[in-house]
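Structure record follows, encoded as structure tokens.
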Amino acid sequence: MSRTTLRTRLITAALVAAAVAILAQSVVHLVATVGFGVCDATGFAPCPSIYDLDHNNGISDAVSTAVIAAAAVGACVLGARRRPREASAFVLAASLSLVTFDDALHLEDTVHSAYGLFVLGTIVTTAILTIRLATSMPPGTRRLMLLGVAILALDAAFPSVYDQLMNTVGQPDLVRGDLLYELGVVLDEAMELAGWSLLAVGVWDAALSVRPADGVLPGRATGCRNDPLSPPA
């Protein structure tokens, strides 16, 4: 099996695993919150169940944190394997590490607090660095990274848009346990996990694409006459 084929299979397996995880967490959440009513009498508060997607440090939170951490490690590997060493990849790894810690600690991070502004700045920095790195990647890898950033950007606006949609259709008084409310939670969390998963897979695809011999990505000109990917003189 060639190295390229192995990498392709690993990336495909990771994407399938992410899709299965998103489907599983969505189904389990709806069964728990709507089917078994674990959110009864909680109003808008998180439900006392680890299967609630809105429950801090629940199962879905652990999965999301692990995916972001994997993206951070991938960015570090990418920076180490590129020649010359990719400074922006190391900075992205550091930024993703900060996002990982915030996702794990769940400290108060509203935009009205200093910590909230710091978290917001970290996320924006992560998005900018990801886009910058994506522009130098092969097309397939670039699409994964940019799609991940795009979905995360849409997810940031989703709760407000969904609330407005519910008001428009005459459902302004939804609370935890209501099907439409829980569907909003499912879609929000599905977009978040999908975005981070695509970003992580894209970063690892880039890291695995680097040829260890010279630390460059396939398809990028190196200026070396002996490079089979370089154009003929």
PRE zone check, label point 7 Å out along Cα-to-Cβ of L15, amide N under 16 Å, scope segment 142-156, hits 142-151
Simple spin-label estimate for R3/D163, 7 Å along Cα→Cβ, in nm, reads 5.1 nm
So R132 and A87, fully extended at 0.36 nm per residue minus their Cα-Cα distance, gain in nm 15.0 nm
Once both label points are put 7 Å beyond Cα along the C-beta direction, the S113-A24 separation in nm becomes 3.2 nm
Whole-percent carbon and sulfur contribution to the accessible surface of segment 66-138 (1.4 Å, no ligands, DNA or RNA) stands at 74 percent
For 165-177, 23-35, ranked highest to lowest by mean beta-carbon neighbours within 10 Å, the order is 23-35, 165-177
Rounded to whole Å², per residue accessible area for the chain with a 1.4 Å probe reads 53 Å²
Taking Cα pairs closer than 8 Å and at least 6 residues apart, the relative contact order of segment 1-118 in percent is 14 percent
Residue-ordered couplings for segment 13-25, obtained by feeding phi - 60° into the Karplus form 6.51 cos²θ - 1.76 cosθ + 1.60 and rounding to whole Hz (Gly and Pro as x), are 4, 5, 5, 5, 4, 5, 5, 5, 4, 5, 5, 5, 5
Checking rank on 65-75, 88-98, with mean other Cβ inside 10 Å and highest first, the result is 65-75, 88-98
Note: A156 to V124 extended length (0.36 nm per residue) minus current alpha-carbon separation gives 10.4 nm
Contour minus Cα-Cα span, A80 to D40, at 0.36 nm per residue, comes to 9.4 nm
Amide H neighbours of D52 at under 5 Å, excluding residues fewer than 5 places away on the same chain, with H built from the backbone geometry, are none
Computed ³J(HN,Hα) along segment 71-77: with the Karplus parameters 6.51/-1.76/1.60, θ = phi - 60°, integer Hz and x for glycine or proline, the list is 5, 5, 5, x, 5, 5, 4
Zone reached by a paramagnetic label modelled 7 Å from V31 Cα along Cα→Cβ, restricted to segment 44-69 with backbone N below 20 Å, covers 47-55, 58-64
In degrees, nearest 10, the alpha-carbon axis of helix 179-209 is tilted away from the dominant principal axis of the alpha carbons of the chain by 10 degrees
Phi angles of segment 46-62, converted by Karplus (6.51 cos²θ - 1.76 cosθ + 1.60, θ = phi - 60°) into ³J(HN,Hα) in whole Hz with x for Gly and Pro, give x, 7, x, 9, 5, 8, 6, 5, 9, 8, 4, 6, x, 4, 5, 5, 5
Between F101 and N56, the two model label points (7 Å from Cα along the beta-carbon direction) sit apart by a distance in nm of 1.8 nm
Per-residue accessible area, 1.4 Å probe, largest first, puts R142, R7 in the order R142, R7
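The values are calculated or read from the model by the stated rules, or taken from the named source; none is laboratory data. Predicted, not measured: the structure shown is a model, and the values here were computed from it. We place every Cβ from the backbone using ideal geometry, glycine too, and count neighbours over all the protein chains shown. To get the accessible areas, we keep the full protein, side chains included, count just its heavy atoms, and leave off ligands, DNA and RNA. Shrake-Rupley method; radii C 1.70, N 1.55, O 1.52, S 1.80 Å.
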